[in-house]
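Below: one structure, written as structure tokens.
Just so it is clear, none of the values below were taken in a lab; they were calculated from the coordinates. The structure presented is a predicted model; accordingly, all values stated were derived computationally and were not measured. For neighbour counting, all protein chains shown are included, and Cβ atoms are generated from backbone atoms with ideal geometry for every residue, glycine included.
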Amino acid sequence: MGILSYTAVMSLDGYIADTDGDFQWATPSPEIFDAHLQRMSEVSTEIMGRKTYELMHFWDTYPDSDEATPAEKVFGRLWQHIDKIVASSTLSPTDMVADDELVPDLDVERVQRIGQEAEGVVEIFGPTTAADAIRAGLIERFEFFIVPIIIGGGLKALPEGVRLGVVLVEQRTFENGTVYLRYERTA
């Protein structure tokens, strides 16, 4: 049985993208990229929406590039070997890479089933895709990379109206002031 996890890189005021949809302020330093490598080495399954899938498609071929750093090559290989489930009503099966799975309607029962059937960490990436699972209390692990910037609005990392008990189990501060916090849900 897998661990359902939600990861977000967010501003100090809780947004993953600004009002224009820009998130370049969250580009990881090499030190933070290495932390993502460690985190991704535990992920067996990634659940994401269309926008994230299209963005991450880059990693399906980039590791073969001569311009890729050693760390980027490792990340690309990790990315290519995890199961990917894409929640989208606008993509078609022809838009998918290899064995990536397209789910037109991702409900909480499906997320729960994915978590029960997977090994390792099942990461839900993206606040819109994760919102219903967070509201339903399915997420067991929350991982936040908090970037020292206040952007004043945009796409919130967590859905409104959710109240869950969590306990801090890991924290780390990076040289650039970004803070990593890992919480686990309490009963």
Members of the stretch 4-35 found to be under 20 Å from residue 76 (Cβ atoms), loosely packed, with under 14 Cβ neighbours inside 10 Å and touching a residue at least 24 places away in the same chain (Cβ under 8 Å), listed by number: 29, 30, 31
The stretch 60-95, residues that are closer than 23 Å to residue 107 by Cα, in contact with a Lys or Arg (Cβ under 9 Å, 6 or more places away or on another chain) and without any contact (Cβ under 8 Å) to a residue 24 or more places away in the chain: 89, 95
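Pick from the stretch 167-187 the residues that are in contact with a Ser or Thr (Cβ under 6 Å, 6 or more places away or on another chain) and touching a residue at least 24 places away in the same chain (Cβ under 8 Å): which of them is surrounded by the most Cβ atoms within 10 Å (Cβ to Cβ)? Lay out the reasoning, then the answer.
As a first pass, look at the stretch 167-187 and keep what is in contact with a Ser or Thr (Cβ under 6 Å, 6 or more places away or on another chain): 167, 176, 179.
Then keep just the ones that are touching a residue at least 24 places away in the same chain (Cβ under 8 Å); that gives 176, 179.
Details: 176: 11, 179: 14.
Only one residue tops the list, namely 179.
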With criteria (1) basic (Lys, Arg); (2) assigned to a helix (DSSP H, G or I); (3) buried (at least 19 other Cβ atoms within 10 Å of the Cβ), residue 73 comes up short on (3)
Just checking, does the stretch 88-95 include any residue being surrounded by 14 or more Cβ atoms within 10 Å (Cβ to Cβ) and under 19 Å from the mean Cα position of the chain (by Cα)? yes
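Quick one: in the stretch 116-134, which of the residues that are out of contact with any helix residue (DSSP H, G or I) (no Cβ under 7 Å at 6 or more places or on another chain) and crowded, with 17+ Cβ neighbours inside 10 Å is nearest to residue 19 (Cα to Cα)?
Taking the stretch 116-134 and keeping what is out of contact with any helix residue (DSSP H, G or I) (no Cβ under 7 Å at 6 or more places or on another chain), we get 116-121, 123, 127-131, 134.
Adding the requirement that they be crowded, with 17+ Cβ neighbours inside 10 Å leaves 118, 121, 123, 127, 129-131, 134.
Working: 118: 35, 121: 31, 123: 25, 127: 15, 129: 19, 130: 20, 131: 19, 134: 23 Å.
Result: 127.
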Please give the number of the condition residue 38 fails out of (1) under 16 Å from the mean Cα position of the chain (by Cα); (2) surrounded by 12 or more Cβ atoms within 10 Å (Cβ to Cβ); (3) not hydrophobic (A, V, I, L, M, F, W, C). (2)
Does the stretch 50-59 contain any residue that is in a helix (DSSP H, G or I), among the charged types (D, E, K, R), touching a Phe, Trp or Tyr at 6+ places or on another chain (Cβ under 9 Å) and touching a residue at least 40 places away in the same chain (Cβ under 8 Å)? no
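Could you count how many residues in the stretch 153-166 are in contact with a Phe, Trp or Tyr (Cβ under 8 Å, 6 or more places away or on another chain) and either closer than 19 Å to residue 20 by Cα or in contact (Cβ under 8 Å) with a residue 40 or more places away in the chain (or both)?
Step one: list which residues in the stretch 153-166 are in contact with a Phe, Trp or Tyr (Cβ under 8 Å, 6 or more places away or on another chain), which gives 153-157, 166.
Adding the requirement that they be either closer than 19 Å to residue 20 by Cα or in contact (Cβ under 8 Å) with a residue 40 or more places away in the chain (or both) leaves 153-157.
Of the residues in that region, 5 qualify.
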